[in-house]
Amino acid sequence: MEQLINIAIDGPAGAGKSTVAREVASRLGFVYIDTGAMYRALTYEALRHQADVHNEEAVMNLLKQMQITLGSEADTGLVLVNGKDVTEEIRFSEVTGNVSYIARHEQVRMEMVRKQQELAKANRTVMDGRDIGTAVLPEAEVKIFLTASVEERARRRHEEQLQKGMPSDYESLITEIAERDRIDSEREVAPLRKAEDAIEVDSTNMTAEEVIESILEIVGKKAS
Ligand code: CDP
Ligand code: CDP
């Protein structure tokens, strides 16, 4: 395992990336980096300042003043903006509904990629997102492209929200997820796509544990 440095996990919304990436990192003793949380944190700040999410300059001005901190691997997804805990807020539906517009801006992506590469330099990481294998860590030793049908991804989110006691509508989730995937896949800069050397894992009929084990097997083969 010594030579393995970075594991990239990309894929569409709700495929199970953060669930399995966090657990793979924990079992390997790597640091988990949730790049989606960084775009969400910026979106939350933009909404809080009533900035126009389509105005790249306004969004960049906010990003320049922001210190985004992701919790260490022992935490479960702690996200701080300028020292303030925004872990819950960045999952609000208003953030989810706007994050893909923020993530389209070229300057924003350049700055986020710079921050993410900095984090990966300091540690062995499991990083998840949309462009990790293609743009952030093109040299990652293991690249996974995690997918599942849109119906299954919406079902998972639906279950998750009901379990948290949150209101949820399955049909609206299908529409929201499909729309976000469309914007993420069609944007000009670093769109969501499978890296040529990524291994595709279709998790439609797999439990999270089965996905985790299949990724650990891929990692084990690379390392041997
Ligand atoms: O967890 P969920 O699938 O809802 O999404 P996320 O990973 O939190 O990412 C939220 C959004 O951030 C995505 O829909 C993308 O628009 C953007 N994103 C991105 O453009 N590039 C990344 N590396 C990660 C996220
Ligand atoms: O990060 P991403 O948006 O790709 O997905 P996630 O937030 O990790 O997973 C969405 C939901 O699906 C979570 O509630 C997971 O527990 C669940 N899940 C599942 O039921 N089966 C899997 N194979 C993977 C995730």
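The values are calculated or read from the model by the stated rules, or taken from the named source; none is laboratory data. None of these values were measured; they are calculated from a predicted model. We place every Cβ from the backbone using ideal geometry, glycine too, and count neighbours over all the protein chains shown. Calculation scope for accessible area: heavy atoms of the full protein, side chains included, ligands and nucleic acids excluded. Shrake-Rupley method; radii C 1.70, N 1.55, O 1.52, S 1.80 Å.
Tabulated results
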{"quantity": "Heavy-atom accessible area per residue - the chain, 1.4 Å, Å²", "calculated": "50"}
{"quantity": "Rule-of-thumb Rg ratio for the stretch 63-160 [Cα; 2.2 N^0.38 Å; N residues]", "calculated": "1.19"}
{"quantity": "Cβ-derived FRET efficiency at R0 41 Å, Q50 paired with S214, nearest 0.05", "calculated": "0.40"}
{"quantity": "List D85, D181, ordered by accessible area with a 1.4 Å probe, largest first", "calculated": "D85, D181"}
{"quantity": "Probe 1.4 Å, all protein chains present, accessible-area order of M66, M206, largest first", "calculated": "M206, M66"}
{"quantity": "10 Å Cβ shell holding at most 12 others, DSSP loop, GluC sites (Glu not before Pro): longest site-free stretch of the chain", "calculated": "3-87"}
{"quantity": "Cα-based equivalent ellipsoid, the chain: semi-axes from gyration tensor eigenvalues, Å", "calculated": "26, 21, 17"}
{"quantity": "Ranked order, I215, I174 - accessible area, probe 1.4 Å, largest first", "calculated": "I174, I215"}
{"quantity": "Out-of-range pairs (alpha-carbon distance over 20 Å; input K64/K115; K84/K164; K17/K194)", "calculated": "K84/K164"}
{"quantity": "Label-point gap, in nm, between S185 and M110 - each point 7 angstrom along Cα→Cβ", "calculated": "2.9"}
{"quantity": "Positive-end residue, the chain charge dipole about Cα centroid, Cβ charges, pick of P138, L63, Q163", "calculated": "L63"}
